[in-house]
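S.K.: Supplied in structure tokens, the structure appears directly below.
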Amino acid sequence: MYRKLRRGQEVLQRVEPDKIAAKLKLNGSYFDKAEMKNVDYQVEHVPAGFSVMFGAGVASGLLGIGSGAFKVMAMDTFMKMPLKPSSSTSNLMMGVTAAASATVYFFNGAILPSIAVPMALGILGGAVIGSRIMQVLPARWIRIVFIPIILYIGLEMLFKGLGVHF
């Protein structure tokens with residue numbers, strides 16, 4: 001299987017199949033509407049991706065964040081998945097992660113329905129629009145939007161951890 005390098009040039013490089021990814025059938029393909037072609041990909045470094053996603057799950061449970069940005073980073077950077085399937089998979093998994101955490105919070109009385117319902121409706125609408133835009137947007141533009149968001153989240157968490165509030 002071959003993969004494009006991400007350093008601006010479209011250079012093809014031979015990729016050795018990851019045994020864990022092959023056993024779990026993680027390799028796949030998707031139709032990229034922006035490029036109008038089918039894209040095949042291989043997943044690599046599954047243990048590293050699992051470790052980052054485990055940390056994302058812990059962060060989600062502790063901090064009440066969706067942690068989707070961390071999951072996309074794990075799949076894109078560590079597991080070498082293309083950005084579009086990484087984002088789509090993360091979106092699905094955020095629902096699973098959020099449901100697990102929300103159940104605990106709900107039974108502890110920590111969820112206020114008057115706040116949660118309008119937020120859920122807004123998120124649902126935004127997710128539908130965002131997922132439709134992602135299908136036709138080139139991966140490069142998704143990265144351009146995604147990187148500042150990751151930086152903002154990281155800085156916000158750092159400042160809150162240090163007790164700095166804006």
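The values are calculated or read from the model by the stated rules, or taken from the named source; none is laboratory data. Just so it is clear, the structure is predicted and the values come from calculations on it, not from any experiment. Please note: Cβ atoms are built from the backbone with ideal geometry, for glycine as well, and neighbour counts cover all protein chains shown.
S.K.: Identify, from the list Ser90, Ser51, the residue that is among the polar types (S, T, N, Q), in a helix (DSSP H, G or I), in contact with a Lys or Arg (Cβ under 8 Å, 6 or more places away or on another chain) and at pLDDT 80 or above.
M.R.: Unique residue meeting the criteria: Ser90.
S.K.: With the structure loaded, tell me whether Ala139 is in contact with a Pro (Cβ under 9 Å, 6 or more places away or on another chain), surrounded by 11 or more Cβ atoms within 10 Å (Cβ to Cβ) and of a type outside the set (S, T, N, Q) or whether it fails that test.
M.R.: Answer is yes for this residue.
S.K.: Going through the stretch 132-158 one residue at a time, which ones are over 14 Å from Asp32 (Cβ atoms) and of a type in the set (Gly, Ala, Ser)?
M.R.: Within the stretch 132-158, just Gly154 meets the criteria.
S.K.: Among the listed residues Val104, Val128, Val39, Val43, identify the single one that is surrounded by fewer than 20 Cβ atoms within 10 Å (Cβ to Cβ) and within 17 Å of the chain's Cα centre (by Cα).
M.R.: Answer to the check: Val128.
S.K.: Can you tell me how many residues within the stretch 27-48 are in a strand (DSSP E or B) and among the small types (Gly, Ala, Ser)?
M.R.: Going through the stretch 27-48 one residue at a time, the tally reaches 2.
S.K.: Here is a follow-up. Taking the stated definitions as given, is Lys84 surrounded by 20 or more Cβ atoms within 10 Å (Cβ to Cβ), basic (Lys, Arg) and outside any strand (DSSP E or B)?
M.R.: Considered against the rule, which asks whether it is surrounded by 20 or more Cβ atoms within 10 Å (Cβ to Cβ), basic (Lys, Arg) and outside any strand (DSSP E or B), Lys84 comes out as yes.
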